[in-house]
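The values are calculated or read from the model by the stated rules, or taken from the named source; none is laboratory data. Not measured: the values here are computed from a predicted model. Methodologically, a virtual Cβ is constructed for each residue, glycine included, from the backbone with ideal geometry; neighbour enumeration extends over all protein chains shown.
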Amino acid sequence: MRKIYSLLVITILLVSCGEQKKASVQDLVSNGTIKELRARKAEITEQLANTNVDLKSINDAISKLDSVKKLPLITTITSKEEVFKHYLEVQGNVKTKQNILVYPEIPGILEHVYVSRRTASF
């Protein structure tokens, strides 16, 4: 019985001397003052910075110790000399000073356009 009482007293002491529970972020947002909100923001920002530093050091250690590295896949091709053929298909409108209708005599593909630019003198 004595052991139970002593265990009960020790438990009560530990619980009563325990750390105060922090208010949750939702409670602070709804009921907190701006001073409390700024203090909590600074605390969380500091924790985030410390976590990022720890994460970077862990990643560096993993990259040094990792024997199986994930390297990008590289493909190669052998180049050879050949004729490069390219085509250009264009549609457009031409504005003229006179209305002229042009119709082809036979349907087909226009392969060459011969244009000369002459300056008109008035």
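Of Ile58, Ile44, Ile77, which residue is within 30 Å of Ala23 (Cβ to Cβ), out of contact with any Lys or Arg (no Cβ under 6 Å at 6 or more places or on another chain) and aliphatic (A, V, I, L, M)? Outline the logic, then answer.
Values: Ile58 fails: within 30 Å of Ala23 (Cβ to Cβ); Ile77 fails: within 30 Å of Ala23 (Cβ to Cβ).
After ruling out the rest, the residue left standing is Ile44.
For the stretch 1-23, give me each residue that is surrounded by fewer than 10 Cβ atoms within 10 Å (Cβ to Cβ) and among the small types (Gly, Ala, Ser). Walk me through it before giving the result.
Within the stretch 1-23, the first condition is being surrounded by fewer than 10 Cβ atoms within 10 Å (Cβ to Cβ), and the residues that meet it are 1-5, 14-21.
Matches in the stretch 1-23: Ser16, Gly18.
Just one residue in the set Glu89, Glu43 is under 30 Å from His112 (Cα atoms), modelled with pLDDT of 80 or more and of a type in the set (Asp, Glu); that residue is Glu89.
Taking first residues from the stretch 105-122 that are under 21 Å from Leu88 (Cα atoms) and partners that are at pLDDT below 80 and not hydrophobic (A, V, I, L, M, F, W, C), the Cβ contacts under 9 Å between residues at least 6 apart in sequence or on separate chains come to Leu110/Pro104.
One line per residue, one yes/no per condition, for (1) touching a helix residue (DSSP H, G or I) at 6+ places or on another chain (Cβ under 9 Å); (2) surrounded by 10 or more Cβ atoms within 10 Å (Cβ to Cβ); (3) of a type in the set (D, E, K, R); (4) at pLDDT 75 or above:
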{"position": "Pro72", "(1), (2), (3), (4)": "no, no, no, no"}
{"position": "Ser79", "(1), (2), (3), (4)": "no, no, no, yes"}
{"position": "Glu82", "(1), (2), (3), (4)": "no, no, yes, yes"}
{"position": "Val94", "(1), (2), (3), (4)": "no, no, no, no"}
{"position": "Lys97", "(1), (2), (3), (4)": "no, no, yes, yes"}
{"position": "Ile109", "(1), (2), (3), (4)": "no, no, no, yes"}
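Taking the stated definitions as given, is Val29 free of Cβ contacts under 8 Å to residues at least 12 places away in the same chain, among the aliphatic types (A, V, I, L, M) and surrounded by fewer than 10 Cβ atoms within 10 Å (Cβ to Cβ)? Considered against the rule, which asks whether it is free of Cβ contacts under 8 Å to residues at least 12 places away in the same chain, among the aliphatic types (A, V, I, L, M) and surrounded by fewer than 10 Cβ atoms within 10 Å (Cβ to Cβ), Val29 comes out as no. The helices (runs of 4 or more DSSP H) found wholly in the stretch 1-73 and carrying at least 2 residues that are of a type in the set (Lys, Arg) occupy 2-16, 34-65.
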